Every structure is written in structure tokens, then in C-alpha cells.
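Undergrad: I'd like to ask some things about the structure below.
The values are calculated or read from the model by the stated rules, or taken from the named source; none is laboratory data. Everything numeric in this text was worked out from a predicted model, so none of it was measured. Positions of Cβ are backbone-derived with ideal geometry, glycine not excepted, and every protein chain shown enters the neighbour counts.
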Amino acid sequence: MDLRELESLYDEFAPAGYAFALQLTRDLDAAQDLVQSVFLRLARRPRFTILNPRSFVLRCIYRAHVDVVRRDATRRQMLENFAWEAQTAFRPEPGEDEKIAELLEQLAALPEEQRVVVHLKTWEQRTFRQIAGILGIPANTASSRYRYALDKLRDAMRLEDET
Amino acid sequence: MNTEEIESLLRRARPQELPAGLKQQILQAARQNAEPIAWAPRVTWASLAVCWMLIVLLRITTPDVPTGTQPFNREAYLARAATIKCIVATGQFPQEIDDSPSQHPLQMELHFRILKATPQTSQPST
């Protein structure tokens, strides 16, 4: 792939890839590293003939993240230990409801497997089948993880309202 | 707050912006990685050209070795060798040999080479 192709690919899919990487890692530097490694790997491909490039980029980012976490146990531990200061992949619009900020913080505190499904379903508008393809899990598992995540978020927000 | 409200609240959030220098960083790294690849076709063509030249050189320098289409016949070979020896020694073609070795120029060549290598026992009569 030549540099012009890579540039247009970056312009089109890097924002989504970065948000997804941030959702996975909750760390700005780690997310940046993931995006960089994935796009450099894509640059080495001779041609980019993929039916759904957006899903492909997201899948590449997920796999790269899984590789890093498997390889680097220290990093995984660090990401878990510092979850309380996790970076959220999204932020509320200026002047928006505080509830959104609270909700995003609650989402960042969810386990990775649930957080990721919520991200792909809510912001990427992927179907459960597509999510299953990206994460390499059955569609039913993706659906149930989404349901558990939303239940947890609803409970957390209810508690927040009561206090 | 129900599930639909949560989903709609989440959708109102904006993604974090990409770091400003990331694109340039990636493009620069891709450019650096691509440089050795740009060499590859040139290297391939050069090696192909060298191989072709070697083949041509070998083809030129290697002599044409007769490749027998028939199995080696020791008696016929000795008979022909004797004929050539006779020609060299006497300058005449022997009467009893009916097939002329001149019909087989490659074999003739081979016989002469053998004769050159073997010491002569008799000198041709003048």
C-alpha cells in the first residue's frame, strides 16, 4: 500500500480506531501505540481489498491489543491497577448533562469484555453478528455481554441518583 | 433510568480527539519502512540479469559433448578406433571396414582426441 492510500485510510478510520483502542486500554499512550502499530502493519500490506474496512481496522486493533496484553503481563496488571484513573474513550459535549460524564466513568469501570461490546454497539452501530466477528466470539455471547453491561450501568446510575 | 435512556445518553458523547502528531508519526515510520521494499524490484532485476549472463557464459564456454542416442557398443567403438589408427598410420582407409567413420563426425572428433592422448607406436610410412 502506498503512502497516499495509507493517509486516506488513516483519515477515514483512525478516529474510530483510536476511540476503540482507548476503550480497550483506557490509557492514552497505549491507545496511540496500538493505532500506530496497526496502521503500520496495514501499510505493509500490498493491497487493501477488504469488504468492510471499518470492521477490519477495529478487528486489527482488538487483536493487536490482545497480543500486547498476552505478551506483557506487567502492562495488563498496570492497566487493571490504575483503572480508577482510566481515560474514557468518549467525553460529554461542552455544557452537556453531567449524567453523561458519570455514565462514561461507570462504563470505563466495567470489565473489558463488556465495555468493548458496548462501544461497538453504541458508537460503531455494529450488529451483534459483526461484533462477534470483530471480537472472535459467538453472537449470543456478544448480546449477553451487552445486556449485562447495560444492567450494570443502569444499577450504577440508580445508585448515583439515590445518593 | 432505563436501557434506552442509557443508550441515548451514551450516543450523545463525543469521541476523544486523535493526538495531533500521530498521523505524521505513522506516515514517517511507513515511509522509512517502505524504503527497503523499494529496493526489492531493482535487486530482483539485477540478480536475474546476472543469472542470465552466467547461463550465456556457460553455454558459450561449455563444448558440445556428443550425447549418444544409442547404447555404447564396445566392439563397434574398437573397430572404429582401429580404422582411425589405420588411417593415421598408413594414410589409407582399410578395405575390410565397410562403414565409413566420416559418416559420424562427432565420433570422429572423439576418436581423434583419444588418439592424440595415446602414444603412437608406429610412424606413418613416407
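Undergrad: Can A:ARG147 be described as assigned to a helix (DSSP H, G or I) and modelled with pLDDT under 90?
TA: Judged against the criteria, A:ARG147 is not a match.
Undergrad: Another one. Might you check whether a residue that is assigned to a loop (DSSP other than H, G, I, E, B), at pLDDT below 85 and over 17 Å from the mean Cα position of the chain (by Cα) occurs anywhere in segment A:124-141?
TA: no
Undergrad: On to the next question. Which of the numbered conditions does A:ASP11 fail, given that it passes all the others? Conditions: (1) at the interface with chain B (Cβ under 9 Å from one of its Cβ atoms); (2) surrounded by 14 or more Cβ atoms within 10 Å (Cβ to Cβ); (3) assigned to a helix (DSSP H, G or I).
TA: Of everything listed in (1) at the interface with chain B (Cβ under 9 Å from one of its Cβ atoms); (2) surrounded by 14 or more Cβ atoms within 10 Å (Cβ to Cβ); (3) assigned to a helix (DSSP H, G or I), A:ASP11 misses just condition (2).
Undergrad: Might you check whether a residue that is surrounded by fewer than 22 Cβ atoms within 10 Å (Cβ to Cβ), under 23 Å from B:ARG14 (Cβ atoms) and either touching a helix residue (DSSP H, G or I) at 6+ places or on another chain (Cβ under 8 Å) or of a type outside the set (Lys, Arg) (or both) occurs anywhere in segment A:35-46? Full working, then the answer.
TA: Residues of segment A:35-46 that are surrounded by fewer than 22 Cβ atoms within 10 Å (Cβ to Cβ), as a first pass: A:36-37, A:40-41, A:44-46.
Retained after the next criterion (residues that are under 23 Å from B:ARG14 (Cβ atoms)): A:36.
From what's left, either touching a helix residue (DSSP H, G or I) at 6+ places or on another chain (Cβ under 8 Å) or of a type outside the set (Lys, Arg) (or both): A:36.
Yes.
Undergrad: On to the next question. Out of all the residues in segment A:117-145, which are surrounded by 15 or more Cβ atoms within 10 Å (Cβ to Cβ) and at the interface with another protein chain (Cβ under 10 Å from one of its Cβ atoms)?
TA: A:VAL118, A:HIS119, A:LYS121, A:THR122, A:TRP123 - these are the residues of segment A:117-145 that are surrounded by 15 or more Cβ atoms within 10 Å (Cβ to Cβ) and at the interface with another protein chain (Cβ under 10 Å from one of its Cβ atoms).
Undergrad: Would you be able to tell me the number of residues in segment B:2-25 that are more than 7 Å from chain A (Cβ to nearest Cβ) and surrounded by 13 or more Cβ atoms within 10 Å (Cβ to Cβ)?
TA: 1
Undergrad: If a residue has to be within 12 Å of chain B (Cβ to nearest Cβ) and either β-branched (Val, Ile, Thr) or not in a helix (DSSP H, G or I) (or both) to count, how many in segment A:28-58 make the cut?
TA: Here the count works out to 5.
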